[in-house]
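Presented below is the structure to which this report refers.
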Amino acid sequence: MKDNTLAVLLVEDNPEVASLMCAMLKKAKSVRFDVTTADTLESGLNLLRTQDFDGILLDLTLPDSNGLETVRSVHAQAANIPIIVLTGVDDEHIATNAVREGAQDYIVKGSADINGLIRSVLYAIERKHAEEELRRARDELELRVIERTEELQRINEFLAKEVEERKETENQLRIANSRLKETQAQLIQAAKMEVVGGLASGVAHEVKNPLAIILQGVEYLERKTDKDDKSVATTIGFIRNAVERADNIVRGLMDFSSISQLNMENQQIVPIIEKALMLLKHQFDKQHIKLVKKFADNLPELLIDRNKIEQVFLNLLMNAADAMEQGGILTVSIYRQTREQANSERKNEVLIVQIIDQGTGISDKVKDSIFDPFFTTKRTKGGTGLGLPIVRNILETHKAVIEIKNNPDRGAQVLIRFAL
Ligand SMILES: Nc1ncnc2c1ncn2[C@@H]1O[C@H](COP(=O)(O)OP(=O)(O)O)[C@@H](O)[C@H]1O
Ligand SMILES: [Mg+2]
């Protein structure tokens, strides 16, 4: 609407009706109607194509179109402009259908007074505007909802990715942390070994000679004292035991600190184990320990120090025997294993020595300490706690790895891997 003027297209083939309508509309006081007339559908449509109108007054019975078809054609051409259908007295049925087809309202020709006509046109225009406004608001809302949904989806995806990345980082941190802990444990172990090693050789050498003298003295007293005096003999027996125990520790310490002098030779490992087993045969028999040997054929030679490796097996087999006071089966296996190496074409060949006992196993409480120097659960039975630290030291100088764990059912097992 410009300057309170409403442009109206009047499509009416009856010139008398047309001029009557024009005259009535001109009488409006609140607005000014600027009426353009057309007497056929075609000329009406042409006008709609070239000019802007605020409303259309449409007769349904035109020379070139009839009934609802007229409404459809005009509505198709100008969907945004309100249409008020003009009908005859007996066309009320068609009129309501016309409203269904998109017309805003209808006026029965001849019945409308001036005010009724004007009001009807104004209301129709008003209603159409409100409808349009509503439609625009709805479209806008829909658009906003779509935009917001897309935005939320984007945020969602972003968050999901973020969570994924965070999980990955967390995982990496966990791995790094556990590696750090491992390295830390190794460093502590190495530091302990160095301190103990250094102290050990000094103390051992200092204590060795006095011990030898005490032992000689004990032997002398044993010879010289009255054999019938039981209490003296018992006391001397105690002293002898204590001195032997001390001597044992001293020897262990010296072993522990003197592993740098190695005598390496290429040789078979089986004879070395056989010798250790033979040395312990008496003890095994005494404890009802049944030995099972599973040695593979054609085993390769290893570059090793025969005496040191024998000492390793003696220590491990003695530990197994100590754990099997009630007897049981002791299984010693030697075999070769090929493992695929990650990220490499090369295969990893190892020789494995496995000692499986049916003893007490190792409790969770002590399992982290068994390689510590002087750690023993057998102190009252003469344990020194130097066996496993010595074993580990010797194996380290042979680039071999040792692992001790409990069996699923009972007892413990030792696994040694020599690189080939
Ligand atoms: N085969 C085994 N079964 C159960 N416990 C074992 C075994 N081997 C070692 N241990 C545990 O590890 C500890 C340390 O062993 P080791 O260093 O040889 O010292 P020791 O034998 O003098 O106690 C033992 O006291 C024992 O508690
Ligand atoms: Mg031992």
Checklist outcome for this item: Per its Cα gyration tensor (rounded if a/c is under 1.5, else prolate when a/b beats b/c, else oblate), the stretch 181-310 is best filed as oblate
Next on the checklist: Rounding to the nearest 10 and keeping the result within 0 to 90°, find how far the Cα-based axis of helix 306-323 lies from the longest principal axis of the chain.
Outcome noted: 80
Checklist entry - Using the Kirkwood formula over every pair of different C-alpha atoms, what hydrodynamic radius in Å results for the stretch 285-368? => result 15.2
Checklist outcome for this item: Shape descriptors of the chain over alpha-carbon atoms, Rg and Dmax in angstrom, are 54.6, 164
Checklist entry - Counting Lys and Arg as +1 and Asp and Glu as -1, what is the net charge of the other residues whose Cβ lies under 15 Å from the Cβ of Val232? => result 0
Checklist entry - Kirkwood hydrodynamic radius (Cα pairs, Å) of the stretch 261-419? => result 16.4
Item to check | Rh by Kirkwood over Cα pairs, then Stokes-Einstein D for the stretch 133-179 at 1.306 mPa s and 10 °C, µm²/s | outcome: 118
Item to check | the stretch 85-179 - convex hull of alpha carbons, volume per residue in Å³ | outcome: 88
Item to check | Å³ per residue enclosed by the Cα convex hull of the stretch 1-62 | outcome: 66
Checklist entry - Measuring with a 1.4 Å probe in the full set of protein chains, what accessible area per residue, in whole Å², belongs to the chain? => result 62
Item to check | Cα-based helix-to-principal-axis angle, 41-50 vs the chain, degrees rounded to 10 | outcome: 60
Next on the checklist: If I ignore ligands, DNA and RNA and count only protein heavy atoms, how much of Met278 is accessible to a 1.4 Å probe, in Å² to the nearest 10?
Outcome noted: 120
Next on the checklist: Accessible area of the stretch 1-143 with a 1.4 Å probe: how many percent of it is carbon plus sulfur?
Outcome noted: 51
Checklist entry - What does the charge dipole of the chain about its Cα centre add up to, to the nearest 20 debye, if the Cβ of each Lys and Arg holds +1 and the Cβ of each Asp and Glu holds -1? => result 3860
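The values are calculated or read from the model by the stated rules, or taken from the named source; none is laboratory data. Keep in mind that what you see is a predicted model, and the values were worked out from it rather than measured. Virtual Cβ from ideal backbone geometry, glycine too; neighbours counted across all protein chains shown. For accessibility, only protein heavy atoms count, side chains too; no ligands or nucleic acids. Shrake-Rupley method; radii C 1.70, N 1.55, O 1.52, S 1.80 Å.
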